[in-house]
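Structure first, then comments.
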Amino acid sequence: MAKILSSINTSDENFKKRYEHNKELIKEIEDIKAVIKNGGAKKSHEVNKERGKLFCRQRIEKVLDKGSPFLEVAPMAAYNMYGGEVPSAGIVTGVGRVSGREVMIVANDQTVKGGTYYPVTVKKHIRAQHIAMENNLPCLYIVDSGGAYLPLQDGVFPDKEHFGNIFYNQAVMSSKGLLQVALVTGLATAGGAYQPAMCDQCIIVKDTGAIFIGGPPLVKAATGEVVDAEELGGADVHTRISGVADYYANDEEAGIRKVREIFANYPKGEKFPIDRVSPKEPYYDPDEIYGIIPDNLEAPYDVREIIARIVDNSEFEEFKARYGQTVVAGFARIGGYLVGIIGNNGAIFPESSTKAAHFIELCSFRKIPLIFLQNITGFIIGKKYEHQGMPKDGAKWVHAVSTTNVPKFTVIVGNSYGAGNYAMCGRGFNPRFLWMWPNSRIGVMGHNQAADVLTQVKIKQYEREGKTLSEKEIENIRNPILEDYKNKSEALYSTARLWDDGIIDPAKTRQYLMLSIELSLNKKIGEVNFGIFRM
Amino acid sequence: MEYSECEKKRILVANRGEIAIRILKAIRELGHTAIAIYSDADKFSPHLTFADEAYYVGESEASKSYLNIDRIIEVAKKNKIDGIHPGYGFLAENTKFADVVKSSNMVWVGPQPKSMYDVGDKIRAREIAKSAGVPIIPGVTLGSNTDPVDAAKGLGFPILIKASAGGGGKGMRIVRDERELIDNVDIARKEAESSFADPTIYFEKLLEEPHHIEIQVLADKFGNAYYFPERECSIQRRYQKIVEESPSTTIDRMQAKSMGEAALKVIKEIAYDSAGTVEFMVDKDKNFYFLEVNTRIQVEHPVTEEITGIDLVANQIEVAFGKSLSFNQDSLNIPKGHAIEARIYAEDPVNNFIPSTGKIDYYKIPYGAGIRLDDGACKGFEIPIHYDPIISKVIARGKDRKQSLYRLHKALSDYHILPLKTTISFIMNIIKHPEFIKGCYDTNFINKNYEKLFDENEEYIPLAIACYYYLGSQGFSNEYNLDGRETLKECWQHLTNFRG
């Protein structure tokens, strides 16, 4: 493969300006993450400690193999939601290695509202299970939760992807041979009691762990029976009398050791063999990405400069380089693995659509994973392109993205607007992971366009009523719309709502992809099976 | 890809070890057929595994194999070879070999034999540089009527007095002022007379704190010629380079440009049409003087490749087969970061660098960001006594000198070759020496710091070997294949403690 020849000059002023700007952006994110990673209030931590309990992040660190990466999913979920009181949505999820296997870990954070489930908490828990299902990962649930957050029960309990779905997923995964293990380190109450009960194997910790359908207050209210938690559903009860749990652990450390033993005895599947050679670091320093991302999103930049800083030895074998140039497609290696990469260099045209669809076909037939680097303002519009059948060609691409048999990974590196988001494998198209850069924006269209459209609609309404608006009045209508739209398309807004799997440091994109690609190979890549392409 | 369009050639590499591997890889990347040769001692050499075909050329002694022109040509003819790449060393600068290759209707991957001849002799090369208007180290032969003081003043002190007929350092004297000159001239003449039966003496300007800095050039058959950022090669032991870096800390971009332009003048004078190197000496006042031209690819070429992203070997092959070059000289002048190379020899630094040949029992290679390893060894391979004991070159590239030094040091500390003695820890001591870190060093560096550059860690090698065998006997599986290469590590093992 040929090395990409970068035309970036790292000593020019523009580079330095962009570098500073983007470095500042990621610093903001890192600062927020650092606070979030402390979990709940200091007081909750103290209470936790007094009871001899570990913080959920400590539990994860202890359960992981020495030196294991931890690919955390959606660490900033629920950011600025629910009055900012639910850091990480009260649940830590991510993939790490336990006894040599990649395992999806779901751990309640007891220090955040007693580990109760807010709507986003449920969404995050289910997202973690979907990742496990799509990539064939066994699951570990570290259970320490008071169940649904009652004031918001209507957003937690009844719907398809609400609380019940968690148990459904556990059953389905178990039926597919994906090991489900629970370590109960605190409460598993009401519906929550099913979490350990639905697992294949379950460990409960003495004194602190408790599983019951109705806790002591409910029992007293309903039947008058007075009983304490340990006697009602503690470790001794469940491992000796009821059989709800399988292993009795004297303390959390012992429970964690047991978890590691269980995973050590779980057969380790072979990874799906895709083409791989010895990995090489990129020739161009990934750190230079900060100096390439424009400091205003409208400014275009060549996505090849980003590819050069993500792939092995900066080598890229470009496909159809001279045709449909607003889409850049080609083969490269990441961590030694052969991958196909699709990036954007402008709006999508009919030619760029068919080119992308063709390239996806190539990768699908050869079982080469696909990476999408999204920086897309949308499909080209206008009479000429409608006549040319833009939606028809766009549909080919969307068809291919939807039904390809290979794992897909999406990184939003700039704009993610409109149908461009679909073609470039947005959330709705089931990429195995979707990461977002701090500078990126997502929405049905750019905020300026959106504000213009909505303002036009308002002006028309007034016109029908016979009113003409002054420029000042128009501005007064437009500005709040613009502001609202802008906020709602920010990366932070997106990540809080789990539209993505996390905002990542652009310079670490390569590592995120290496880990994601490799863990995706736990699942066999199936055969090609496309639908009807509109010709 | 673009190379698949070109006609497939059969190219023979008349060399061995790391450089043979480097060239064989380039040939295959270009889409040609790569052909190796080997001697008795190299029957299991790793370089054979990088070739499409390999042919035996003779017994272990170099004169009977890699230096055996008749035999190599015979093998080449028999196997329908289109071109021969000589590498470095062995026959690389042998005009006769180049002539025979060409007269046998094969392409010589190197310059025209005439150009090789022109600069093959130091005195001829000096004359050529002079006529190209490139400065040479000033010197004057002292006739019997010449006033030594005038002659000396014309050159400027300090001065080296040599016997005109002499060599090997005999009768050489350094004089730093007029007084010392007067004291020494007569003695030197007498010494010259008694030693060489000729009292003629020669004054040469003595360069103080000299630097050995060289310019890589690349030229084609159409008159296109380019120079690359300088390589600083002042770290030498026994007049052989051991650490090279680019760019140099001694000269600035303007000076590099003037040296580059001077290098082009020299090679244009001899109608040069391949990859080559023009070597210069630079004194403490940054004056540069022509030294010689190397008409081959050099050991240290990767340093230049790393900071420019240009594959010199592939280009050298392509120009030999008639491709023209097209670079932007201005963009070549800006180094992309900094690169440094450490030459790993199977030598014992403590015992005056005597070769330490033998079988490699344990071979672990370094990995990491910006690290390139050009090696020609593997576990189980026996470093032959017959040839240059180079094992490999570790090249580190960083965004600046600080980073590449750090990366090189880390890589060297991860590089283990047992039980041979190597230059690894010696070089680690060089690059962590405060003067080296500051970039303040000249060709005297190793001699000046000799004592400090040895490492007692060498003593632990037998212990390390013992541990290795012990662990092996305990049934610890090692992570290495039979060829000594590491098995591919999973990313999940490799990205230790990644937390995003």
Exercise for review: Could you pull out the GluC sites (Glu not before Pro) across region A:429-535 that fall in loop regions by DSSP (anything but H, G, I, E, B) with no more than 11 other Cβ atoms inside 10 Å?
Suggested key: A:Glu465, A:Glu527
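Counting alpha carbon pairs within less than 8 Å and at least 6 residues apart, what relative contact order, in whole percent, applies to region B:139-205? It would help to have the intermediate numbers written out before the result.
On the way: 118 pairs, mean separation 29.9, N = 67.
Relative contact order, region B:139-205: 45 percent.
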Review point. For peptide A:68-75, how many partner chain Cβ atoms fall within 10 Å of a residue's Cβ, on average?
Key: 4
Check your understanding: Gain in length, A:Lys43 to A:Glu161, computed as 0.36 nm per residue apart minus the alpha-carbon separation, to one decimal in nm?
Key -> 39.2 nm
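For region A:387-535, what class follows from the C-alpha gyration tensor (a ≥ b ≥ c being the square roots of its eigenvalues): rounded when a/c is under 1.5, otherwise prolate if a/b is larger than b/c, else oblate?
Since a/c reaches 1.5 but b/c is at least a/b, the shape of region A:387-535 is classed as oblate.
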Point to revise | Packing-based ranking, highest mean first, of B:14-21, A:205-212, B:178-185, B:256-263 given that Cβ atoms within 10 Å are counted | key: B:14-21, A:205-212, B:256-263, B:178-185
Review point. Based on Cβ point charges of +1 for Lys and Arg and -1 for Asp and Glu, what charge dipole magnitude is obtained for the protein assembly as shown about its Cα centre, in debye rounded to the nearest 20?
Key: 2220 debye
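Report, in debye and to the nearest 20, how large the dipole of region A:271-421 comes out about its Cα centre when Lys and Arg carry +1 and Asp and Glu carry -1 on their Cβ.
740 debye
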Check your understanding: Assuming R0 = 41 Å, what is the FRET efficiency of A:Asn487 and B:Ile437, from their Cβ-Cβ distance, to the nearest 0.05?
Key -> 0.25
Check your understanding: Can you work out ³J(HN,Hα) from phi for every residue in region A:415-424, in order, using Karplus 6.51 cos²θ - 1.76 cosθ + 1.60 and θ = phi - 60°, giving whole Hz and x for Gly and Pro?
Key -> 8, 9, 10, x, 5, x, 4, 5, 4, 8
Check your understanding: Over chain B, what is the mean sequence separation of C-alpha contacts under 8 Å (at least six apart), divided by residue count, expressed as relative contact order in percent?
Key -> 13 percent
**Study point:** Out-of-range pairs (alpha-carbon distance over 27 Å; input A:Lys280/B:Lys265; B:Lys8/B:Lys489; A:Lys3/B:Lys402; B:Lys78/B:Lys122)
**Key:** A:Lys280/B:Lys265; B:Lys8/B:Lys489; B:Lys78/B:Lys122
Review point. If the cut-off is 27 Å between C-alpha atoms, which lysines fall inside it for A:Lys49, apart from same-chain ones fewer than 8 positions away?
Key: A:Lys33, A:Lys37, A:Lys62, A:Lys66, A:Lys113, A:Lys124, A:Lys206, A:Lys258
Review point. In whole percent, what relative contact order does region B:209-248 give with Cα contacts below 8 Å and a gap of six or more residues?
Key: 35 percent
Practice item. Rank B:Ser324, B:Leu264, B:Gly439 by how far each Cα sits towards the positive end of the charge dipole of region B:211-461 (+1 on Lys, Arg Cβ; -1 on Asp, Glu Cβ) and give me just the farthest. Key: B:Gly439
Exercise for review: Among the trypsin sites (Lys or Arg not before Pro) in region B:198-249, which ones are in a DSSP loop with at most 16 other Cβ atoms within 10 Å of the Cβ? Mind listing them?
Suggested key: B:Lys221, B:Arg238
Practice item. Quantify how strongly other chains surround peptide A:274-281 by giving the mean number of their Cβ atoms within 10 Å of each of its Cβ atoms. Key: 3
Point to revise | Gained length - A:Asn9 relative to A:Glu50, 0.36 nm times residue gap less alpha-carbon distance | key: 9.1 nm
**Study point:** For region B:122-129, Karplus couplings with θ = phi - 60° (6.51, -1.76, 1.60), whole Hz, Gly/Pro x
**Key:** 4, 6, 4, 4, 4, 5, 5, 4
**Study point:** For region B:40-61 versus region A:251-265, the gap between their alpha-carbon centres in whole angstrom
**Key:** 54 Å
Check your understanding: How about A:Lys408: which lysines have a C-alpha closer than 16 Å to its C-alpha, ignoring those fewer than 8 places off in the same chain?
Key -> A:Lys367, A:Lys523, A:Lys524
**Study point:** For region A:123-131, 3J(HN,Hα) per residue [Karplus equation, 6.51 cos²θ - 1.76 cosθ + 1.60, θ = phi - 60°, Hz, x = Gly/Pro]
**Key:** 4, 5, 4, 5, 4, 4, 5, 4, 4
Exercise for review: Once you have a ≥ b ≥ c as the square roots of the Cα gyration tensor eigenvalues for region A:56-264, tell me rounded if a/c is under 1.5, and otherwise prolate or oblate according to whether a/b is larger than b/c.
Suggested key: oblate
Check your understanding: What lysines could a cross-link reach from A:Lys392, if we take a straight Cα to Cα line under 20 Å and drop same-chain neighbours fewer than 8 places away?
Key -> A:Lys355, A:Lys383, A:Lys384
Point to revise | When each of B:Lys25/B:Lys364; B:Lys399/B:Lys432; B:Lys190/B:Lys284; A:Lys27/A:Lys486 is checked by Cα-Cα distance, pairs over 26 Å | key: B:Lys190/B:Lys284
Check your understanding: If you keep only loop residues by DSSP, which trypsin sites (Lys or Arg not before Pro) in region A:124-186 have at most 11 other Cβ atoms within 10 Å of their Cβ?
Key -> A:Lys160, A:Lys176
Revision key, fill the gap. Correct response: the longest run of chain B lacking exposed chymotrypsin sites (Phe, Trp or Tyr not before Pro), defined by DSSP loop and at most 10 other Cβ within 10 Å, is B:1-238
Check your understanding: Which order do B:Met172, A:Met390 fall in if you start with the one that has the fewest other Cβ atoms within 10 Å?
Key -> B:Met172, A:Met390
Review point. Classify chain A: rounded, prolate or oblate, from the alpha-carbon gyration tensor (a ≥ b ≥ c, eigenvalue square roots; a/c under 1.5 rounded; otherwise prolate if a/b is larger than b/c)?
Key: prolate
**Study point:** Simple Cβ-charge dipole of region B:139-205, Lys/Arg +1 and Asp/Glu -1, about Cα centre, in debye nearest 20
**Key:** 220 debye
Check your understanding: Using a Förster distance of 60 Å, how high is the FRET efficiency between B:Ile69 and A:Ala34, based on the Cβ-Cβ distance and rounded to 0.05?
Key -> 0.30
**Study point:** Charge dipole of the protein assembly as shown about the Cα centre (unit charges at C-beta), most positive-ward option of A:Val219, A:Phe55, A:Tyr149
**Key:** A:Val219
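We did not get these values from a lab; they are worked out from the coordinates using the rules stated. Keep in mind that this is a model prediction, so the values were computed, not measured. Every residue, glycine among them, receives a Cβ derived from its backbone with ideal geometry; neighbour counts consider all protein chains shown.
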